[in-house]
Every structure is written in structure tokens, then in C-alpha cells.
Amino acid sequence: MDYIRSFAEIRAGDVGVVGGKGANLGEMTRAGLPVPPGFCLTAEAYRAFTQTSGAADFIQRVLAETRADDPEKVETNTARIREFFEEQSMPAEIQDQTLAHYHHLSDELGNNNLLRVAVRSSATAEDLPTASFAGQQDTYLNVRGDDDLLAHVKQCWASLWTARAVTYRVKQGFEHAEVALAVVVQAMIQSEVSGILFTANPVTSNRDEVVINASWGLGEAIVSGLVSPDTLTIRKSDGAIISREIADKDRSIEYAQAGGTVEVEVPDARRKIPALSDAQIAQLVALSAQIEKHYGAPMDIEWGYARGTFYILQARAITTLANVGAGLVPVRDTGEYNRTMFVEIFPDPLSPIFLSVIQPLFQSMLDFTFETLGFTPARGVDAVGVFYDQPYFHRGYIEAALQKLSPPVRERLVSQIVNPFGRQTRELHGEFSLSYISMTLRLLRFMVRFPAQLPGIVARYRAEIREAEALRVENISEREIVEHIRQLVFGTVSRLLNYDFLMIALIGITYQLLGTLLQPYFGEESEELRAKLISGVTGNVTMETNKRLWDLAQVAKKSPDVSVALQQNVNGEIQSRLGATRDGKNFLDELNRFLAEYGHREVRMDILYPTWGEDPAPVLAFLRRYLDLDESSSPYRQQERLVKQREELARTVQARLRRDLKGRLLVLPLFNWILKHTQAHTRERDTMHFELTRLFPPFRRLLLELGRRWAEKGFVQQPDDIFFLTFDELQQLADAPRSMQEVVAARRAEFKLNQQRGAPGILRDGKEISAEGAPLAEKIAGQFRGIAGSPGKVSGIARVIRGPEEFDKLHSGEILIAPLTNPVWTPLFAIAGGLVTEVGGILSHGAIVAREYGIPAVMAVAGATKNFQEGERVTVDGDKGVVYVKDEG
């Protein structure tokens, strides 16, 4: 059998034979493009190796003893598989064919069998069109010689069996045998300059512009974020260079003499000179036009320049072009971008203005987090990407920041950071390394110090917010308004937001520490104990907001006139109706006092939407529902019951720990200390969200003032068009006014489209895949499994609520079935008998407040809003994390 295909023998449709990378390189070679020559070991070579070496049987035996829900076992057993691969001999036929093609390639290029080649994995999944395996397997550069080549081919094959790749296939429901691996062997060029070219502007989506990134040495320096490259924008129609930003290119990646690559410093004299001349730019743009014409779509191209010739190393369609908001940081479609953490906070597409400020804010927050924990954030790597008008964490940024940790611990922490609200392990798993110990000590120091620091931080923040609210915006220039926005967002808000992720990380770790302490004494019960021990914690600001809403409803109940006005009038008429009676005026006074304190609360977490203070319709809707509830639903009564239950439970746990010497002298003091901090930081997690939304009223006022002025001047059609511009564009318009009506119209259309289509949980190498780490719903005899979010068990009628516009549908005692919940939803918890969500976990907002109300909750039940029917009876078991589609008593 012929196990080798040269690039010239490969077409675009050969993905099932040579994988995606191989098929693309073959297609470009056949199109006459300057691709460095090479060949592919087909997927059949991998299959032959696994059969003849016994690897197939070995894999089957190892996987049979591996549970996908045991990360440590998965890590250990997949390492055994990879070791087995590397220890086996390659079948003689495959070895001979591989070396024959390598020698031929070396002779052709005059390298006497010492040709430098790149050895790249190329995944093939011809029967799995929705799968994306890119980025999961390995690439090796500067491989030289027969033995080195054969060893790296086997390492590529073995990389199909990393813990990450195996876990992904299990969670996606793919049979391991259905995915094989081809290997690309390609001559490497000694790139003097290399980079990336986009044949359409990935920032503005302008298809008449080419954007080039260029730097010295191999392209891995740019792809890995090691350097900030030169950035050039060229107009296609006339070849004019629209903009040229020359970066300080202080490092490059070069070949190492012994193989592989090495990072080197660029001499001072070369750092700030352009990497490409105007003539080279024109040549590269012409080549890119040929590639775009061949593929018939905007392309993302990796290129290198050596000895007077440009080479094309890879080309792929820009799959996310239409979904990147103008003015935002351009994000390449390689690597993994994950929005699991953001789903609960930002369930809907976000406006361009909001995205343009939260992207750098989150970058600052994550940089601050890692620096506080003793790590160095990766330079030039974006922490957050934007697709479909929504933010995504860049997994590569997090992995790079945690490079000092061992792979198993790093992988666990990366997964936890990407999804901090998901399933929490019962115990904390670390390592005895200097980096891990330093991180732990720094986190403990933050845990002890921050509660005392927070009041001062919040006081300063509130003072600066009040200053922004007091501005007489009508008396200041447009440039001054933009500068006030800059100070408000990137100064005032950033200083507070920087601490938010540290608190999230701390809650997760202290929660795991509780499990570590309780597990030896309580076993399986420790899961339920943890949830109950952080319930009924007084001072939760979301709970306090809901108590005040309850108080307002009690005021309304005392007056028939007020009750009737709330129940019978549409929101726009309620206030005028209330103003007509004495009781109504008194109630309006109470309502206004409530809005003065809580009116900054959001309907959706985006500056685009009015707050409660601007439009109290959501508040009035909650009040209408509360009028039908009796005292048994009072949040005061619920919290009093839970506080008593929590305190009794804590005493029971403490009594158990006192029974033995170790428990009495060591475990008990640690338990009390960790419990106190877990409760405190869980409470303050909501405080952070509550305070951050104080930004909304002054920010909206400043924006709408700009929108009003620019609508009058014809730059936009209406004031709220301002929300479809970016912060950078506000600065530009303040300095150089121009019409933005076409830009706004295009973005409104894209925004509307993104509201109608669901955004994927993960983008990996530009391809959409469902979210890893989100537990898949199990339906076994009417059972759906998720994450236990709030303890207890209750049966009731299912009521599916998909957004704030449907809040009025919920009736007392019904089971709230929702895609997610955030603070905006939590007043419904006084009405609901139980809660089921499609996302979230034990530490998400919904679970925290559900515990404060004492209602059972199961989070992360995939497809809940589709699997449960309106009006059917379901049972929510918040102890086991299971929902039954029948009354289980």
C-alpha cells in the first residue's frame, strides 16, 4: 500500500486521507502557489501502525479502565498510551516509504538528507463534519535526519492521545476509532521575515483592505504572541498604504543548531525599522489577491520571506470576519476561544460600544490577576476575543500565563479559570512546586487582606461615580465628554473590576478546601454540606435588593388603589394613575426612594439597555407578581430559616470534628477559618457585580449626550446609534467629525442577526464546537442530570422562561426553567418553587441566591428549555443534581 502522498497529488477534497492541513497545502501547490514542498503520511499509515504494533488493543484495554470524569486517571492513562506509541517500531513499509520521500525531497533541494522539515499533525474526521480537532495535536519545527523524522512522526500520532483530545472526544460523543491522524512533512524555509496577511480587514470587515502583520524570523513569534509585529493596512483598489505602524520587534524565533527553535534578541538597530519594503508589500498583496481569487473568499494567510521569495505556509478562510466589531482588537481564528464563563453574565450579543470597553477591561483584570498570583501574563497575547458580538476567553493566553506549573495542574487550573462557575471538585489538587506554593500563599494573603480593603475601594469608586453623575454635560465639549468616559471606564471602573476575578478564583479554591476538609469525615455527604454551609449568609446585596422589592409590594398591598393600578395598568400609565391618589403618591415616593438606591440595576448586562432608574418597568412587573404571594414567600422569613439551619449544621460539623485528636487540633480550626472566608467572599461576589453596575447611568448619560449632538449634525441618524460605535471611534469623531450612518446601519444589521443565531460555546481554529466542560444532560428513565446548585427537593409545574420579557409568566410555586439566571432574574426566586438552568454551577449568581431563598436548584442541565414542556410536573433534587420528569415525592 502507498502510505505517502506528495503535495502535488493532493486536492482540497482529500481531508479524509491527509487531514485538513495536508489537503489545504496540496490544494495550494496544485494551484501554482509558492508553497514549500513536502508530503503527507496518510491516515491509513496511522491505522496500519496501530494495528501492527498492538497499539489498537493496548488503547482499548487502557480506555476500558479509564473514567472520563476522573481527570487524574485520564492524564495518567493517556500518558501510558503516548509512551507505548513512542516505544513501538514503525512498520518497515511505512518507514521505508517515509524515508524515501524525505531523501528525494532532500536531494531535490540539495540538503543531503539533512533537510530541515516541519512535522505537523493533520487531523482527519471525514465522518464527523461537526468536529474540530485542530489545535489538539502537535507540531514540530526544524526536524533533521532520518531518526529524528521517524521519532517525530510517532510523536504526532501519539498526540492524538493527550488527555485533552481524549476528553474532548468523549464529551462530544465521538468514537475514538473514528478519528485518525495524518502527518505533514514540509521543507522549512529560513524566513528572514514572516507574518500573517488578511485579505479583508478583520477589524472593520472592509473587503477593500488588506492587513499585514510582519516581523523578523519565523512566524511562530507572531502566532505565539512573543512580539508585537509591524501592522500595515493597504487599499486593494489602488495599492495605497493607508496606515503603517512599525513596532519595536525586540525578539525573533530562529532555528536552533541542534534542532527545534530558539528565541533570540533582535539587535537594537533592527528593532524599529520596517520588516517589509514598499516593493515587498506590493508583491505580497498581489500574491494574496491570487490566493483569494482561487478560494473565492477572504483569506487568513501565513507567509514567510527568504532569499528574495515569498512562500505561503498556510491559508484558511476568515470564518469570523463578519462577526468582529469594528475598532476592536483583531483576533486570529487560530487557537481556542471559550465563552463558558461569560454565558451567565452576557447571555445575549453585546453592543459595539460596550464590547470595545470590556475587552481591554478584561485584559487588564486578567493581567492583574496573574501578576497578583506571581505569574507573568503573556506579552502581546489577547486575553479576550470577540466573535458574534460576544466576548470569549482566549485559552492560549491563560495557558501561557501558567507555564511555570506542571501540565496536569496547569490543565486543571486552565479549565477552572475558563469555567469558574461550573462543576467544582470535592477536593483541592495541587503540587509541591515553588510556583504553586507561591501562588497559594499569595492567594491566602489576598483572602485575608481584601475584606478589610474592599470598603475603602468601594468608597473611592462610589465617590468617583458621583462626580461623573454630577457633571453638567451640556456645558462641556465633545472631546471632554470622551475624556470623561475614558477616566470613568479605564480608571474608576478598572480599579474595581481588577479584583473581581481574584474573588471568583478565591471562592472556587476555598470551596474546594472545604471539600478537602469534610471529605474524610462525611464522604458523599460533604457535597451537600458544602452547599448548605454557604447558604443563609446575611448581607448579600442581591438578597437585600429583593427584600426591598418585597417591602415595596407590602406597601402596595395596604392600598386597594395602588394594588389595582399595578395590576390593571400598562407600565406607561401606572405612574400617572398612581399620582392621582394620596396613597398612590405615597407609594411613588417609596418607589423613587427605592430607585435612588437601586436604580442602577440592569435589565441586561449591556450599556445599550435602560436601567431600572430610567425605565422602572421590570420593577413594576416584579411588584405585580409579589402582590399574589403570602408571608410564607417572604425573603426575610426564608433567610431567617436558612441562617438557623446553617448555624445548626455548622455546630453539627464542628461536633463531629472534635471527636478525634486530628480533627480537634488541626481540622476544626482550619474548617472554621476557611468557612468564614468562603461565606464572606461568596457574599461579596454579588457586591462586586452590584457596584460595577453603578457605571451604567453616568456612562449612558455621557454617551447619549454625544449621540444627541451627533444626530443633530447628521453624523448618525438618532442618538442611540452611539451604542453601535466603538470607544476609539468616539475619540476619532470628536477630533475629526464625519458621517457614520453607513457603519451604524451595517452593525445594527449584524447585531440583529447575532441576536437570532446562537453563539457557539467554543471556537477552535475558527470552527464552532459545543462547549467542553458543560455537563451533558443525561436522560435515563425520565432523569436529567446537572450540577447540584442549591440543596432540597421539590415538585411543581414546569414554567419555561427564556428572558426578562417573559417574567410575567411565572406563578407561585412553579419550577423556573431558564437558559440561565443572573441578578436581574433573582426577584423571581421569591415566586419560584425550584430552579433549573442550562448553564452555571455551584458558585454562579443563580445558585448563590437560590440558596439564600432556600429553593432547590439544579444548574447546567443541557437543553433544559427544550427538554421540559410547559405545564408538565417535574421534581428538582438539588442534593443530587437531578431533575425528574415526574413527581418523585
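Key figures for this structure:
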read-out: Fully extended contour minus Cα-Cα distance, from SER576 to LYS547, at 0.36 nm per residue; value: 7.9 nm
read-out: All-pairs Cα distance distribution in the chain, expressed in whole percent, bin size 20 Å; value: 13, 42, 34, 11, 1
read-out: Computed helical MRE - 222 nm, the chain, DSSP H runs ≥ 4 contributing -39500 (n - 2.57), nearest 500; value: -15000 deg cm²/dmol
read-out: Two-site FRET efficiency, ASP348 against GLU93, from Cβ-Cβ distance with R₀ of 41 Å, rounded to 0.05; value: 0.15
read-out: Protection-proxy order for peptides 862-869, 448-455, each taking the mean of Cβ atoms within 10 Å per residue, highest first; value: 862-869, 448-455
read-out: Cα shape, the stretch 495-623, gyration tensor, a/c 1.5 rule; value: prolate
read-out: Entries of LYS558/LYS585; LYS532/LYS644; LYS809/LYS880; LYS73/LYS793 with Cα pairs more than 23 Å apart; value: LYS809/LYS880; LYS73/LYS793
read-out: Paramagnetic reach from GLN190 in the stretch 230-257 [backbone N under 18 Å; point 7 Å along Cα→Cβ]; value: 252-257
read-out: On Cα atoms only, tilt of 500-522 relative to the major axis of the chain in degrees; value: 80
read-out: Environment charge at ARG747 (Cβ cut-off 12 Å; Lys +1, Arg +1, Asp -1, Glu -1); value: -3
read-out: With every protein chain in place, the stretch 438-484: carbon and sulfur % of accessible area (1.4 Å); value: 52
read-out: For the chain: accessible area per residue (Å², 1.4 Å); value: 40
read-out: Computed lengthening from GLN645 to SER243, 0.36 nm per intervening residue step minus Cα-Cα distance; value: 138.2 nm
read-out: Folded to 0 to 90 degrees: helix 696-712 orientation relative to the chain principal axis, Cα; value: 70
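The values are calculated or read from the model by the stated rules, or taken from the named source; none is laboratory data. These figures come from a predicted structure and were not determined experimentally. Positions of Cβ are generated from backbone atoms using ideal geometry, with glycine treated the same way; all protein chains shown enter the neighbour counts. We work out accessible area using only protein heavy atoms, side chains counted, and drop any ligands, DNA or RNA first. Shrake-Rupley method; radii C 1.70, N 1.55, O 1.52, S 1.80 Å.
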